[in-house]
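Peer 1: If you scroll down you'll find the structure; I have some questions about it.
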Amino acid sequence: MVFSSHLFLFYFLPFALILYYGAPRRARHLILTLLSYLFYGWANPAFVLLMFTSTVIDYICGLVMTRQFGTSWKQPVQPLAKGGSRTRKQKIALIISICANLSLLGFFKYFNFATANYDALLSALGLAEFRLDIWYRITLPLGISFYTFQSMSYSIDVFRGDAKAIRNFTDFSCYVAMFPQLVAGPIIRFQEVAEQLQTRTHTMEKFSRGVAFICLGLGKKVLLANPCGKIADMAFNSGAVTFSDAWYGVTSYAFQIYFDFSGYSDMAIGLGLLLGFVFPKNFDSPYLSESITDMWRRWHLSLSIWLRDYLYVPLGGNRKGNARTYLNLLAVMLLGGLWHGASWNFAIWGGMHGAMLAFERAQGKDSPYRALPRPARIALTFVLLLFTWVFFRARDLSHALDYCATMLGFGADSAAAGLIGGVLHRPYYQLSFLIAALVVWGAPQTWDFTRRITWPKIAWIFTVFLLAIVALTTQSFNPFIYFIF
């Protein structure tokens, strides 16, 4: 089930809100958990069992780490002392949690990739007789990259003493499975919602702001991301494109992935507000970034913070010298690239970002960015991002290299390249592209726009919503891009 569908907007969501607000307060988390399992299992009920397994493991590990497993339910749970020593049992519990989550993620996300590369390597070495040649393929469960990271962060925070273990299994299940952010984030750390799980307010201000987030997020997805995605698909899927159309196509993809993912995040934040939860901001105008370092302070904030706190800092961060810092940045971004997908293109995309982050850090105050005016810094950063987006979008490495060559003016001449332009430059697509650009570089963020709801804003918000609903009737199934991650 996807947010940008009539089924969700006009059937599931009203049904969920009626059940949630109609239930006694102590039963609301149970209702929300069951609704989330229904939402997640709509396409494949077996996926629910996988998520439930991860939930049970991390719940038990949290109690074991705080010496609460098997004790009375009435006994209060105390957080572990920060920086204190940990027993062997506590360390084992943490290892079990991390290994279980990474094993689930690794098997379902990377099994096909690993076996394909293993067979290709053996063939290249002339050892084809030892190939696995596995005929079946593992289906990637929706959102597994998100809920495993989220659930695993709970165990790590409890072990570190940053969060208190939770006694109520229903509350913990609600945290892991909560449908607003289950499939594509934001990645909510337990400490960010721990108090909200115990007590939170349900106000008309929260509810109205939540509705605004949902309407504007839907508009981003349906009115901007989808038509820009059509342009990108035609440009990347054609046999050849001209120099200008290559730039047009990759810029459209940059708009598509931003509006698609930030639109989902807006809707997730809005749905959380309808239920009384305040989720953290996930985007901060990333295409206004003045450097790649700045971009990663603005793009997919929940993932950036997760990678920083649970990977970069444990690896040593910037505390062990410059060479180790650069290596850590590269390693984190390589893993971040592979987190997005089981493909060498994603690894290259992550490696490019890691290399640029290391380069900018090495330059420090002497960074070439500082000598440029702000508009030039923003433009240069965006151009660099476009080249990295090619590897994110292209079907394979060869295709990505050919596309980059075309962007640099080295593409092979082809009569077919000019033909695709007639479709790419239809007025509807050009208008969508222009509006997307205006919103990216000129419009306020949803987070800021909805801080104070006025009547003119209400009129604008519902106009966007109605246009999006009308557009939905003409569009086929359109899942969010990050569903595949």
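Readers should treat all values here as calculations from the given coordinates under stated rules, not as data from a laboratory. Quantities reported herein were computed from a predicted structural model and do not represent experimental measurements. Heads up, the Cβs are rebuilt from the backbone with ideal geometry, glycines too, and the neighbour counts pull from every protein chain shown.
Peer 1: Relative contact order for the chain: what is it in percent, counting Cα pairs under 8 Å that are at least 6 residues apart?
Peer 2: Relative contact order for the chain comes out at 18 percent.
Peer 1: Could you tell me what % of all Cα pairs in segment 318-405 have separations over 16 Å? Show your work: numbers first, answer last.
Peer 2: On the way: 2278 of 3828 pairs.
Across segment 318-405, Cα pairs with separations above 16 Å total 60 percent.
Peer 1: Let me ask something else about it. Send over the per residue convex hull volume for segment 180-225, Cα only, as a whole number of Å³. Walk me through the numbers before you get to the answer.
Peer 2: Values: hull volume 3.9 nm³, N = 46.
Normalising the Cα hull of segment 180-225 by residue number yields 84 Å³.
Peer 1: Additional query: For a quick check of your reading of the filter: which trypsin sites (Lys or Arg not before Pro) in segment 66-172 sit in a DSSP loop and have no more than 14 other Cβ atoms within 10 Å?
Peer 2: Working: sites: Arg67, Lys74, Lys82, Arg86, Arg88, Lys89, Lys91, Lys109, Arg131, Arg137, Arg160, Lys164, Arg167; in loops: Arg67, Lys74, Lys82, Arg86, Arg131, Arg137, Lys164, Arg167.
In loop regions of segment 66-172 (DSSP not H, G, I, E or B), the sparsely surrounded trypsin sites (Lys or Arg not before Pro) are Lys74, Lys82, Arg131, Arg137.
Peer 1: Residues of segment 308-352 with amide nitrogen under 16 Å from the 7 Å Cα-to-Cβ point of Phe113?
Peer 2: Label zone hits: 331-352.
Peer 1: I need the P(r) histogram for segment 6-199: all alpha carbon pairs, bin width 5 Å from 0 out to the longest distance, whole percents.
Peer 2: 1, 7, 13, 17, 16, 13, 10, 8, 6, 4, 2, 1, 0, 0
Peer 1: Now, a different point. So what is the calculated 222 nm ellipticity per residue for the chain, using -39500 (n - 2.57) for each DSSP H run with n of 4 or more, over all residues, to the nearest 500 deg cm²/dmol?
Peer 2: Numbers: 21 runs with 303 residues, N = 485.
After summing the helix terms and dividing by residue count, I get -20500 deg cm²/dmol.
Peer 1: Please name whichever of Ile458, Leu357, Ala468 sits farthest to the positive end of the charge dipole of segment 336-485, dipole taken about the Cα centre and charges placed at Cβ: Lys and Arg +1, Asp and Glu -1.
Peer 2: Value computed over the given set: Ile458.
Peer 1: While we're here: Could you give each residue of segment 269-286 its phi-based ³J(HN,Hα) in whole Hz, using Karplus coefficients 6.51, -1.76, 1.60 with θ = phi - 60°, and x for Gly or Pro?
Peer 2: Working through the residues one at a time gives 5, x, 5, x, 4, 4, 9, x, 8, 10, 8, x, 5, 10, 9, 9, 6, x Hz.
Peer 1: Here is a follow-up. Could you compute the FRET efficiency for Asp133 and Asn322, with r as their C-beta to C-beta distance and R0 at 51 Å, rounded to 0.05?
Peer 2: Values: r = 46 Å, r/R0 = 0.91.
E(calc), rounded to 0.05, equals 0.65.
Peer 1: From zero outward in steps of 10 Å, how is the percent of C-alpha pairs of segment 123-204 spread across the bins?
Peer 2: Whole-percent P(r) values from 0 Å outward: 15, 35, 20, 12, 12, 5, 1.
Peer 1: Here's another thing I want to ask about it. Kindly identify segment 37-125 as rounded, prolate or oblate by the Cα gyration tensor criterion: order the square roots of the eigenvalues as a ≥ b ≥ c, call it rounded if a/c is under 1.5, otherwise compare a/b with b/c, prolate if a/b is larger, else oblate. Walk me through the intermediate numbers first.
Peer 2: Working: a/c = 4.40, a/b = 1.68, b/c = 2.62.
Oblate, since a/c reaches 1.5 and b/c is not below a/b.
Peer 1: For segment 380-460, state the semi-axes of the equivalent ellipsoid (square roots of 5 times the eigenvalues of the alpha-carbon gyration tensor), sorted largest first and rounded to whole angstrom. Walk me through the intermediate numbers first.
Peer 2: Details: eigenvalues 253, 65, 20 Å².
The three semi-axes for segment 380-460 are 36, 18, 10 Å.
Peer 1: Starting at 0 and stepping by 20 Å, how many percent of the alpha carbon pairs of the chain end up in each bin?
Peer 2: 21, 55, 23, 1
Peer 1: For segment 334-485, list log₁₀ I(q)/I(0) at each q in 0.19 Å⁻¹, using the Debye formula over Cα point scatterers of equal strength and ignoring solvent, two decimals each.
Peer 2: Summing over Cα pairs of segment 334-485 leads to -1.39.
Peer 1: Still on this structure, I have one more. Working only with C-alpha atoms, what are the Rg and Dmax values of segment 200-299, expressed in angstrom?
Peer 2: Computed over the Cα atoms of segment 200-299, radius of gyration and Dmax are 16.6, 55 Å.
Peer 1: Measure off 7 Å from each Cα along the Cα-to-Cβ vector at Phe462 and Ala124, then give the distance between these two points in nanometres to one decimal.
Peer 2: 6.0
Peer 1: Follow-up question, since we're still on this one. How much length is gained if the chain between Arg67 and Asn44 is pulled fully straight, taking 0.36 nm per residue apart and subtracting their Cα-Cα distance, in nm to one decimal? Intermediate results must be reported in sequence, preceding the final value.
Peer 2: On the way: separation 23, 0.36 × 23 = 8.28 nm, distance 3.63 nm.
So the chain would gain 4.7 nm between Arg67 and Asn44.
Peer 1: Determine the dipole magnitude for the chain: charges of +1 sit on the beta-carbon of Lys and Arg, -1 on that of Asp and Glu, nothing else is charged, the reference point is the Cα centre, and the result goes in debye to the nearest 20. Let's see the in-between values first.
Peer 2: Values: 41 positive and 24 negative charges, 381 e Å.
Approximately 1840 debye in magnitude.
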